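Here's the structure we're looking at; comments come further down.
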Number of protein chains: 2
Amino acid sequence: MAREIERKFLVIGDDWRGLAPGKDYRQGYLSTVAERTVRVRVAGERAFLTVKGISVGASRAEFEYGIPVADADEMLDGLCERPIIEKTRYRIPHEGFVWEVDEFAGANAGLIVAEIELASEDQQFPHPSWIGEEVTGDPRYFNANLIAHPFSAWNDG
Amino acid sequence: MAREIERKFLVIGDDWRGLAPGKDYRQGYLSTVAERTVRVRVAGERAFLTVKGISVGASRAEFEYGIPVADADEMLDGLCERPIIEKTRYRIPHEGFVWEVDEFAGANAGLIVAEIELASEDQQFPHPSWIGEEVTGDPRYFNANLIAHPFSAWNDG
């Protein structure tokens, strides 16, 4: 078991583009209950099954296991909640830290967020120019919520 | 991915006792949604994470992965839906077939069921004297339902 400490921000502008190659992700959920999410993810040539507990501040319990890509594809196509989340991830180094920028496609097209993993909740880090508003802990941006309420529908009503 | 074909029966009487040693199981669920159950199980010295799709007749999709017992214990104690299912499983050979008899404890004490795995849905097999009513496909006996509606409460109301 690992305990993740991550902070999440909206991305502004296009200055981050071209700083790193992208990798395509397909992921879906077997459980989107906040207390126990279960994610199936295909990341390039690898696949994972990941169990996460509820967030307490910026940290939460996480258990991740490598699984065959064929299993993951079958679960994504046949078992997971709809829609599947599709995105391209760019790992962008910046002054000793690595930002993971996720540019969503499909039902969440238009949304771009950046996450940084930290050693402690109060660790300081430099903000690149393309980092905007912090959304750590905002449930609208939880991946699980992007299935129930995709970004493309946020301006409705 | 394996596709399970199983039939499930109630157990009657005590003639099955003493025919095989028992092994203690602790299991819980990260998802009890019928379309995609996710089970954490500790069986003796081993542990597994198992994803199952919806039942179509007696068969359904199943994906199972071995995981560290320490991970499973942590998920059972901290993440899974309550109550955890506790049972003792006896694998009893009978005329070339193996019956898995589950004697439940805790909130499901009093319930004893037997399952047999078959090569096809119409395969014939001998019934031991202690096999009672068939309950294959009866949702009351799904393990996931034994959490939401434990056997000890079935006679209420």
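The values are calculated or read from the model by the stated rules, or taken from the named source; none is laboratory data. On a predicted model such as this, the values are computed, not experimentally measured, just so you know. Here the Cβ positions follow ideal geometry from the backbone for every residue, glycine too, while neighbour counts run over all protein chains shown. With ligands, DNA and RNA removed, areas are computed over all heavy atoms of the protein, side chains included. Shrake-Rupley method; radii C 1.70, N 1.55, O 1.52, S 1.80 Å.
Quick notes
- Restricting segment A:119-133 to residues that are modelled with pLDDT of 95 or more and hydrophobic (A, V, I, L, M, F, W, C), the residue that is nearest to the chain's Cα centre (by Cα): A:Ile131
- Long-range neighbours under 7 Å by Cβ, at least six apart or interchain, first residue touching a residue at least 60 places away in the same chain (Cβ under 8 Å) within segment B:117-128, second of a type in the set (D, E, K, R) and not in a loop (DSSP other than H, G, I, E, B): B:Glu117/B:Glu4; B:Glu117/B:Glu6; B:Leu118/B:Arg7
- Hits in segment A:93-102 - residues which are surrounded by fewer than 20 Cβ atoms within 10 Å (Cβ to Cβ) and not in a loop (DSSP other than H, G, I, E, B): A:Pro93, A:His94, A:Phe97, A:Val98, A:Glu100
- Any chance B:Pro139 is more than 14 Å from every other protein chain (Cβ to nearest Cβ), more than 16 Å from B:Glu4 (Cβ to Cβ), exposed (fewer than 14 other Cβ atoms within 10 Å of the Cβ) and touching a helix residue (DSSP H, G or I) at 6+ places or on another chain (Cβ under 7 Å): yes
- Residue check for B:Ala43: within 8 Å of chain A (Cβ to nearest Cβ), more than 16 Å from A:Thr37 (Cβ to Cβ) and touching a Lys or Arg at 6+ places or on another chain (Cβ under 8 Å): no
- Restricting A:Ile54, A:Ile67, A:Ile84 to residues that are out of contact with any Gly (no Cβ under 6 Å at 6 or more places or on another chain), aliphatic (A, V, I, L, M) and at pLDDT below 95 narrows the list to A:Ile54.
- Of all positions in segment B:31-45, at least one carries a residue that is in a strand (DSSP E or B) and open to solvent by 30 Å² or more (accessible area, probe 1.4 Å).
- Residue check for A:Ile85: buried (at least 17 other Cβ atoms within 10 Å of the Cβ), in contact (Cβ under 8 Å) with a residue 60 or more places away in the chain and in contact with a helix residue (DSSP H, G or I) (Cβ under 8 Å, 6 or more places away or on another chain): yes
- Among (1) within 24 Å of A:Asp77 (Cα to Cα); (2) touching a residue at least 24 places away in the same chain (Cβ under 8 Å); (3) open to solvent by less than 50 Å² (accessible area, probe 1.4 Å); (4) within 14 Å of another protein chain (Cβ to nearest Cβ), the one test that B:Glu4 misses: (4)
- Top-ranked residue of segment A:9-24 - restricted to ones that are touching an Asp or Glu at 6+ places or on another chain (Cβ under 9 Å), in a strand (DSSP E or B) and open to solvent by 30 Å² or more (accessible area, probe 1.4 Å), ranked as farthest from A:Asp122 (Cα to Cα): A:Asp24
- Near pairs, Cβ below 6 angstrom, 6+ apart or cross-chain, from segment B:61-80 (at the interface with another protein chain (Cβ under 7 Å from one of its Cβ atoms)) to any residue that is assigned to a helix (DSSP H, G or I) and at pLDDT 95 or above: B:Phe63/A:Asp71
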